[in-house]
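Please read the structure below before turning to the comments.
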């Protein structure tokens, strides 16, 4: 297989037939050895985290596909830590979409003058550009259109998909007594049809989850969810 | 008159009849003696700048009122550097609305990966919270509603008013050979009727203006415009 791109937590390959294969590494985002889904760098390496990330991603992507929400997911080989996906193009150099149910993290850093840490939010959606050097700047619908990153009308579609996906994840976690505080999704376009798809992964590294007001680590989430 | 509030560039009084009077000071926002409309602190004091700010504000607010766009402006006494205004309530602790025709300032700092400095923008509108400690954070429509700062539907009204006002200012400047790069407006609600009004001032300190690719200082803008 040909290596196309080395990412922070995944590498991207193309096999002989032209299909795209994501390889899940044991690296996690964070800082100084502490996991943080909001960080832009690899902060720690944990044996088994790649496999766990793929297991949870495959669990959610199959449910999301089944719910009729289009994703790039085709199939997963858990032992090999490989996920087969559709070929996609990203929006600009990557667009992240965050759905928040509780005011924590960067939301509180920005709007702490108006809301208590941990206060409930109504599936609030915001978008940020993937741009490590500029700390993933927040961007609104008008700027996404002005910069040619989204076409008119696409922002609303992405927000709708984000809320549906986040509700599905929230409900699955809730069955195990876990509460979703926030979740970070990534979208792209199907390289062939142009359809908007959920891309990347959907694992413990993409979300903040709490149980009885205590944070649940990214690997622990999978243990609750898949057992 | 009773002093209600001491601002960075204006003080707010209430007279015996209950009317609100803004007193325009000679202080300007900036840093280390250099004017910057994006700064949150008083950076310099220039004799005559208060009077010049009121002259330009009165010039524009009369035109904006005449165009049927509601503002808080009632009348001005240029000699006394006083502007009579309607009593208003602000959105949250103050909402600033920026309309951009060229990619400069914080827009480039955020989105410089996608656009050249100085590139044209199509009357792009964004909103920030007045919060010096948090460097006036950018905020989107959904967050303004989630935090109870705007009611559903108000964001769109404010964007419409902003574009109309900005176009009017742009056209007036253009008649004098000046180009508007960006402009910062503030809105509030009429304390009696709840109607959304343009508030605060509209002077050289609220806008970046260029002539033949050279920046025009805030006091100079008035000299071009009013002579």
task: Evaluate the following for residue B:81: is it within 26 Å of residue B:26 (Cβ to Cβ) and crowded, with 16+ Cβ neighbours inside 10 Å?
output: yes
query: Yes or no: residue A:148 touching a strand residue (DSSP E or B) at 6+ places or on another chain (Cβ under 6 Å), part of a loop (DSSP other than H, G, I, E, B) and either buried (at least 21 other Cβ atoms within 10 Å of the Cβ) or at pLDDT 95 or above (or both)?
result: no
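Hey, does the stretch B:179-198 have a residue that's outside the structural domain of residue B:8 (by TED's automatic domain parsing), more than 30 Å from residue B:150 (Cα to Cα) and surrounded by 15 or more Cβ atoms within 10 Å (Cβ to Cβ)?
Step one: filter the stretch B:179-198 for residues outside the structural domain of residue B:8 (by TED's automatic domain parsing), giving B:179-198.
With more than 30 Å from residue B:150 (Cα to Cα) added as a condition, the list becomes B:179.
This time we only want the ones that are surrounded by 15 or more Cβ atoms within 10 Å (Cβ to Cβ), so: B:179.
There is at least one residue in the stretch B:179-198 that is outside the structural domain of residue B:8 (by TED's automatic domain parsing), more than 30 Å from residue B:150 (Cα to Cα) and surrounded by 15 or more Cβ atoms within 10 Å (Cβ to Cβ).
If you take the residues in the stretch B:108-123 that are more than 8 Å from chain A (Cβ to nearest Cβ) and out of contact with any helix residue (DSSP H, G or I) (no Cβ under 7 Å at 6 or more places or on another chain), which one is surrounded by the most Cβ atoms within 10 Å (Cβ to Cβ)?
Taking the stretch B:108-123 as the starting set, the residues that turn out to be more than 8 Å from chain A (Cβ to nearest Cβ) are B:108, B:116-120, B:123.
From what is left, the residues that are out of contact with any helix residue (DSSP H, G or I) (no Cβ under 7 Å at 6 or more places or on another chain) are B:108, B:116, B:118-120.
Values: B:108: 17, B:116: 9, B:118: 12, B:119: 14, B:120: 13.
Among residues in the stretch B:108-123 that are more than 8 Å from chain A (Cβ to nearest Cβ) and out of contact with any helix residue (DSSP H, G or I) (no Cβ under 7 Å at 6 or more places or on another chain), the one surrounded by the most Cβ atoms within 10 Å (Cβ to Cβ) is B:108.
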- request: Check whether at least one residue in the stretch B:153-170 is within 11 Å of chain A (Cβ to nearest Cβ), in contact (Cβ under 8 Å) with a residue 40 or more places away in the chain and over 23 Å from residue B:190 (Cβ atoms), and report yes or no.
  value: no
- prompt: Can you tell me which of B:101, B:73 is outside the structural domain of residue B:40 (by TED's automatic domain parsing) and touching a strand residue (DSSP E or B) at 6+ places or on another chain (Cβ under 7 Å)?
  reply: B:101
query: Is there any pair linking a residue in the stretch A:22-42 that is within 15 Å of residue A:220 (Cβ to Cβ) to one that is in a loop (DSSP other than H, G, I, E, B) and at pLDDT 80 or above, with Cβ under 7 Å and at least six apart or on different chains, and which?
result: A:28/A:9; A:28/A:46; A:35/A:217
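Taking the stretch B:24-54, which residues are assigned to a helix (DSSP H, G or I) and surrounded by 20 or more Cβ atoms within 10 Å (Cβ to Cβ)?
Our first condition is that a residue be assigned to a helix (DSSP H, G or I); within the stretch B:24-54, this holds for B:49-54.
If the condition is that a residue be assigned to a helix (DSSP H, G or I) and surrounded by 20 or more Cβ atoms within 10 Å (Cβ to Cβ), then B:49, B:50, B:52, B:53, B:54 are the ones that fit.
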task: Would you mention how many residues in the stretch B:77-92 are touching a strand residue (DSSP E or B) at 6+ places or on another chain (Cβ under 7 Å) and farther than 19 Å from residue B:18 by Cβ?
output: 3
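Being facing another protein chain (nearest Cβ under 10 Å), crowded, with 19+ Cβ neighbours inside 10 Å and in a helix (DSSP H, G or I) is true for just one of A:133, A:142. Which residue is that?
A:142
The values are calculated or read from the model by the stated rules, or taken from the named source; none is laboratory data. None of these values were measured; they are calculated from a predicted model. In this analysis, Cβ positions are derived from the backbone assuming ideal geometry, glycine residues included, and neighbour counts consider all displayed protein chains.
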